[in-house]
Amino acid sequence: MNQKEIADTVGSITQTITLMLGSIAGMSLLVGGIGIMNIMLVSVTERTREIGIRVAVGAQGYDILLQFLIEAVTLSLLGGAIGVGLGIGAAKLTKVFAGFDAIVSPGSVVLAFTVSAAIGIFFGFYPARKAAKLDPIDALRYE
């Protein structure tokens, strides 16, 4: 084998590993998003009476929707911050113990927070819409 063949082989192995890690990250985002949606659905169910009172005193559906979307985004951004912190810590540990110079670029941190916020909005919209559509009379009767 010459150097070009070795470089091509290493390149294809690197592409395969990148694809595998990307698919694992995508599945993790999907599972995390479903977790956020479930938490928000439970929150809507437990706070049905509160939602009914807010609507009865004048809150619009948009206000309720915005409240629950902000909660979902806050929850996902908190998870994103923890993930970025763990990633930076892992990069530093890799540098110390393995001797690899792992660099965390500001662009990747911004991308992580952007994806985290998008996951919060996407998976938080259904529970927020469900909360906004609640009938105030039924919500006030809810026990």
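With charges only on Cβ, +1 for K and R and -1 for D and E, what is the dipole size of the chain about its Cα centre, in debye, rounded to 20? Don't jump to the answer; show the numbers that get you there.
Working: 10 positive and 10 negative charges, 23 e Å.
Computed about the Cα centre, the dipole is about 100 debye.
Over all directions, how big on average is the projection of the convex hull of the alpha-carbon atoms in the stretch 72-143, in square nanometres? Don't skip to the answer; put the middle values down first.
Numbers: hull surface 26.5 nm².
Projected area, direction-averaged: 6.6 nm².
Sum -39500 (n - 2.57) across every DSSP H segment of at least 4 residues in the chain, then divide by the residue count to get the 222 nm mean residue ellipticity, nearest 500. Could you put the intermediate results ahead of the total?
Numbers: 5 runs with 123 residues, N = 143.
That calculation yields -30500 deg cm²/dmol at 222 nm.
What ranking do 127-138, 69-80, 25-36 get when scored by the average of other Cβ atoms within 10 Å per residue, highest first?
Ranked by mean Cβ neighbours within 10 Å, highest first: 69-80, 127-138, 25-36.
Of the accessible area of the stretch 12-143, with the probe set at 1.4 angstrom, what percent is carbon plus sulfur?
After summing per-atom areas, the C and S share lands at 73 percent.
May I ask you to order 2-15, 53-66 by the average number of other C-beta atoms within 10 Å around their residues, highest value first? Before the final figure, lay out the partial values.
Values: 2-15: 9.6, 53-66: 14.3.
The most tightly packed comes first, giving 53-66, 2-15.
Quick one: in the stretch 1-114, what % of C-alpha pairs are over 23 Å apart?
54
Per residue, how much accessible area does the stretch 1-47 show when a 1.4 Å probe rolls over the protein heavy atoms, in square angstrom?
75
The values are calculated or read from the model by the stated rules, or taken from the named source; none is laboratory data. These numbers come from a predicted model, not from an experiment. We place every Cβ from the backbone using ideal geometry, glycine too, and count neighbours over all the protein chains shown. The accessibility values were calculated without ligands, DNA or RNA, using every heavy atom of the protein model including side chains. Shrake-Rupley method; radii C 1.70, N 1.55, O 1.52, S 1.80 Å.
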